[in-house]
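First comes the structure, then the notes that go with it.
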Amino acid sequence: MKMINISVKKIIKNIGLMMISNVVSRMFLFFFIMYTARYLGAENFGVLSFAIAFTGIFGVFCDIGMNTLTTREVARNESLALKYFENITLIKVIFSIAMVVIIVLALKVLTIPKQTFVVVLIITLSIIFSSFTGLFNSIFQAAEKMEYISVGQILNSIFMLIGALFAIKQKLDVVSFAYIYVIVNGIILAYSSVICFKKFFIPRIRIDLKFWTYVIRSALPFGLSSLFIIIYFQIDSIMLALMKDNSAVGFYSAAYKLLTVLIFIPSAVTSSLYPVFSKLHLTSKNSLIRYYKVSLKLMLIISIPISIGTTLLAEEIITWIYGNSYIQSVYALKILIWATIPIFTGHVFGTILNSINKQASHTKITIWGTIVNLVLNFILIPKFSYIGAGVATVITEMMVQTLLYYNICKYLSKVEMKKMVLIPFISAIPMSLFILYFKNSNLYALVFTSIIIYFTCLYIMKGITKDEVKIITSLKSSY
């Protein structure tokens, strides 16, 4: 019983750590995006956004899902940590070299302008550093030592902001902003390696080709899933750059970056629960289902008012963050923010499928999502530009969420989604009326009061029951 209580406390501690670190890091990242977008303008911000999107897709080839596989397998058997780390490190070196070659060839084929070409190559190096940092983080996550990941996230965002402020003060160009990513990711990689080698193990060069085959084969479903997720997250920026111009990418990215800032919420929860889900899959299906239902409900409670409130205050938010020069981003934000709900819940669904060894199903769904997103972008972008890209993203996310939910019902348990969704929506009605009536008031006071109104209504309607609170705080499981 004592070990169980310690485990539950650790879960709560890890979620709390990840939430705090994500809030802090996203706050610094928010200011980084704000200052960078304002300084560079829509055109150059579009160049940087294109480079990040382009390299993000190819960056999957550095990893092909090996980080996720490491977390799951080491969480189940910690003695495998060194073996996974040593072999995957060597695999990543080979894959990284191949990725650089592929990116260069792709840029040549697309006849990218010289400045954009340089920015993409610089960002590519930062992607490689980030991939190796991800391997260290997978070891930390498997051991449920989330504090090391938390510190890394905070340091990353702080250094990014410092770099941006320095570049702005020195009046540097977009290429210099690309170097910020390389320098900061290099620092975080060094930090992660020091922690791992000091606290966990000292690796040696040991090659097990048979194990390489096993790792690549087992990781591939995770990698394919990540690839297709990134494609339908990032391909819109690439297609906008190729079919429209960098300004369209800049306006779209300004709104989209705000969406990515919010993703820290489901990421913090699911990254903390992933190793726990993986253990419970082997030892306690009932406990797994309970955690799943509560985490899903939490994602809906948070994402629904965010979507509604942001839609009502989109113009005020965009002009406050980016200034009047980005006013065209308002409509993109009003559309994109509705992807928040399926993204939040999709994090839970995807994490569950990966933890119960159904990553192949997750991969198939993301493939279908990518196909739908590509088709929609080809249809909508030529006529509606970044507005069409936003619509394509929302439709894709809703479709993927539906398919993920169907698979969870098939492999694990059904959930009364209607009730979970209905109560937050009803609780958000008084909040919405308040926003509409006092829309011209101070933005900070308006948002703060709206949050209080929403959660007060949620409490009155018993949106979270005492039993659900007990599940989080004192769950007795058998792992």
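The values are calculated or read from the model by the stated rules, or taken from the named source; none is laboratory data. None of the values given here were measured: they were computed from a predicted structure. Heads up, the Cβs are rebuilt from the backbone with ideal geometry, glycines too, and the neighbour counts pull from every protein chain shown. Only protein heavy atoms, including side chains, enter the accessible area calculation; ligands, DNA and RNA are left aside. Shrake-Rupley method; radii C 1.70, N 1.55, O 1.52, S 1.80 Å.
Report yes if Phe233 is more than 30 Å from Ile352 (Cα to Cα) and either open to solvent by 50 Å² or more (accessible area, probe 1.4 Å) or within 25 Å of the chain's Cα centre (by Cα) (or both), otherwise no. Against the criterion (more than 30 Å from Ile352 (Cα to Cα) and either open to solvent by 50 Å² or more (accessible area, probe 1.4 Å) or within 25 Å of the chain's Cα centre (by Cα) (or both)), Phe233 does not qualify.
Of the residues making up segment 59-76, none is open to solvent by 50 Å² or more (accessible area, probe 1.4 Å), over 21 Å from Asn354 (Cβ atoms) and out of contact with any Gly (no Cβ under 6 Å at 6 or more places or on another chain). Among the candidates Ile122, Ile127, the residue that is part of a helix (DSSP H, G or I), open to solvent by 10 Å² or more (accessible area, probe 1.4 Å), touching a Gly at 6+ places or on another chain (Cβ under 6 Å) and not acidic (Asp, Glu) is uniquely Ile127. The residue pairs whose first member lies in segment 100-112 and is touching a residue at least 24 places away in the same chain (Cβ under 8 Å), whose second member is of a type in the set (Phe, Trp, Tyr) and open to solvent by less than 50 Å² (accessible area, probe 1.4 Å), and whose beta carbons are closer than 7 Å, counting only pairs six or more residues apart or on different chains, are Ile102/Phe58; Ile103/Phe58.
Within 21 Å of the chain's Cα centre (by Cα), of a type in the set (Ser, Thr, Tyr) and within 17 Å of Gly46 (Cβ to Cβ), is that true of Tyr256? It is true that Tyr256 is within 21 Å of the chain's Cα centre (by Cα), of a type in the set (Ser, Thr, Tyr) and within 17 Å of Gly46 (Cβ to Cβ). Inside segment 180-203, residues that are free of Cβ contacts under 8 Å to residues at least 24 places away in the same chain and open to solvent by 70 Å² or more (accessible area, probe 1.4 Å) make up a count of 4.
Among the residues making up segment 138-148, those that are open to solvent by 40 Å² or more (accessible area, probe 1.4 Å) and not basic (Lys, Arg) are Glu147, Tyr148. Filtering segment 163-221 to residues that are modelled with pLDDT under 90 and not in a helix (DSSP H, G or I) leaves Phe200, Phe201, Ile202, Pro203, Arg204, Ile205, Arg206, Ile207, Asp208.
Look at (1) surrounded by 15 or more Cβ atoms within 10 Å (Cβ to Cβ); (2) within 26 Å of Gln359 (Cβ to Cβ); (3) within 24 Å of the chain's Cα centre (by Cα) and you find that Tyr406 fails only one, number (1).
Conditions tested, residue by residue: (1) at pLDDT 90 or above; (2) in contact with a strand residue (DSSP E or B) (Cβ under 6 Å, 6 or more places away or on another chain); (3) not small (Gly, Ala, Ser).
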residue	(1), (2), (3)
Gly59	no, no, no
Thr70	no, no, yes
Tyr84	no, no, yes
Pro113	no, no, yes
Val118	yes, no, yes
